[in-house]
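**Student:** This structure is in structure tokens; I'll ask about it shortly.
The values are calculated or read from the model by the stated rules, or taken from the named source; none is laboratory data. Note that the structure is a prediction, hence the values are computed from the model and not measured. For neighbour counting, all protein chains shown are included, and Cβ atoms are generated from backbone atoms with ideal geometry for every residue, glycine included.
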Amino acid sequence: MARSLLLSLTLTFLFAGIVSARDWNILSQLKGTTTTTKTSQTGVTSLKAPNLNGYCESWRVNVELNNIRDFKVVPQECVWFVQKYMTSSQYEDDVERAVDEAILYLGKTCCEKKTCDGMDAWIFDIDDTLLSTIPYHKSNGCFGGEQLNTTKFEEWQNSGKAPAVPHMVKLYHEIRERGFKIFLISSRKEYLRSATVENLIEAGYHSWSNLLLRGEDDEKKSVSQYKADLRTWLTSLGYRVWGVMGAQWNSFSGCPVPKRTFKLPNSIYYVA
């Protein structure tokens, strides 16, 4: 009988553990029904309730680190968090820090306006790098909670109403005034060229060396390959690409690898 009782208790314990693990989900965090234990340095064990804030911040950070890839939509329980971050002063502070680091890096390059030979280059993406798409996401209230409607998004791009990303006009002209040739490489389609040029000028950008948009042949490639091919083309012309700045990892992947990359935060969508 003792053996039967022991076996029964063991099976009950194992089954409870399996059910507990199987039934865990992010909603249980939201409701505060799941707890974990934490032992301090003094040896005192306390209960710690997981919170949705922590989960969503971890998700956002891992998107920025490129650990989370190819997601179609932001997890529904984190849409509010992404919206809160992307419209916050913290987002602007994070962009400003990236700008400051880029300016520090510029001081270490060999390109100075008096000595430049015209072959030192810098690449910028456009959407959420120079021009902000946040007003579009505000207007539809999704902030990544639904798959991007490319038709509506391109209509918005064509309206030319995108404002400059905070602090980026300053960096753009700092780079230009140092003698770098600026190339804008965007996954925007070629038919958006006129609207894009007007929008960039209206937002405070001008005097770039070339604006490169996707033609019909480029549509057959992934965005990553399209941008890598253009970097290859620039280097084949003799340009030294000192830096690339973008809000998506597709701006940096593939060869040739630029001397330095600067990633701006954007966890609303993912484009490979």
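**Student:** Got a sec? Which of D127, D217 is closer than 25 Å to T261 by Cβ and either among the acidic types (D, E) or in contact with a His (Cβ under 9 Å, 6 or more places away or on another chain) (or both)?
**Tutor:** Only one candidate passes the filter, namely D127.
Residues checked against (1) farther than 30 Å from R240 by Cα; (2) crowded, with 16+ Cβ neighbours inside 10 Å:
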position: R97; (1), (2): no, no
position: E101; (1), (2): no, no
position: Y105; (1), (2): no, no
position: T109; (1), (2): no, yes
position: I126; (1), (2): no, yes
position: L130; (1), (2): no, yes
position: P135; (1), (2): yes, no
position: G144; (1), (2): yes, yes
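**Student:** Taking interchain pairs and intrachain pairs at least six residues apart, which have beta carbon atoms under 7 angstrom, with the first residue in the stretch 56-74 and more than 15 Å from F143 (Cβ to Cβ) and assigned to a loop (DSSP other than H, G, I, E, B) and the second small (G, A, S) and modelled with pLDDT under 90?
**Tutor:** Cβ pairs passing all conditions: D70/A272.
**Student:** Let me ask you something else. Within the stretch 99-149, which residues are touching an Asp or Glu at 6+ places or on another chain (Cβ under 8 Å), modelled with pLDDT of 85 or more and farther than 22 Å from S187 by Cβ?
**Tutor:** Matches in the stretch 99-149: I103, L106.
**Student:** If you take the residues in the stretch 120-157 that are part of a loop (DSSP other than H, G, I, E, B) and of a type in the set (A, V, I, L, M, F, W, C), which one is farthest from the chain's Cα centre (by Cα)?
**Tutor:** So the residue we want is C142.
**Student:** Also, I was wondering about something else. Looking only at the stretch 198-214, decide whether some residue is without any contact (Cβ under 8 Å) to a residue 12 or more places away in the chain and more than 22 Å from the chain's Cα centre (by Cα).
**Tutor:** Among the residues of the stretch 198-214, at least one is without any contact (Cβ under 8 Å) to a residue 12 or more places away in the chain and more than 22 Å from the chain's Cα centre (by Cα), which makes the answer yes.
**Student:** Restricting to the stretch 170-226, what's the tally of residues that are of a type in the set (D, E) and exposed (fewer than 13 other Cβ atoms within 10 Å of the Cβ)?
**Tutor:** Number satisfying all stated conditions: 5.
**Student:** Let me ask something else about it. Residue by residue through the stretch 227-259, note down the ones that are touching a strand residue (DSSP E or B) at 6+ places or on another chain (Cβ under 7 Å) and either over 19 Å from A98 (Cα atoms) or surrounded by fewer than 18 Cβ atoms within 10 Å (Cβ to Cβ) (or both).
**Tutor:** Hits for the stretch 227-259 are K227, L230, R231, L234, T235, Y239, R240, K259.
**Student:** Select the helices (runs of 4 or more DSSP H) contained entirely in the stretch 159-272, then report the ones holding at least 2 residues which are touching a Lys or Arg at 6+ places or on another chain (Cβ under 8 Å) and either of a type in the set (D, E) or under 15 Å from I123 (Cβ atoms) (or both).
**Tutor:** 223-236
**Student:** Given the conditions (1) touching a Phe, Trp or Tyr at 6+ places or on another chain (Cβ under 9 Å); (2) outside any helix (DSSP H, G or I); (3) surrounded by fewer than 14 Cβ atoms within 10 Å (Cβ to Cβ), report the number of the one that D117 does not fulfil.
**Tutor:** That leaves (1) as the condition not met.
Per-residue answers, yes or no, for (1) closer than 30 Å to F81 by Cβ; (2) in contact with a Gly (Cβ under 6 Å, 6 or more places away or on another chain):
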site	(1), (2)
I126	yes, no
I134	yes, no
H137	yes, no
A164	yes, yes
K170	yes, no
R178	no, no
S186	yes, no
L192	no, no
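**Student:** Right, something else. If K84 meets every condition in (1) within 22 Å of L171 (Cβ to Cβ); (2) charged (D, E, K, R); (3) surrounded by 13 or more Cβ atoms within 10 Å (Cβ to Cβ); (4) at pLDDT 90 or above apart from one, which number is that one?
**Tutor:** Tallying (1) within 22 Å of L171 (Cβ to Cβ); (2) charged (D, E, K, R); (3) surrounded by 13 or more Cβ atoms within 10 Å (Cβ to Cβ); (4) at pLDDT 90 or above, K84 fails exactly one: (1).
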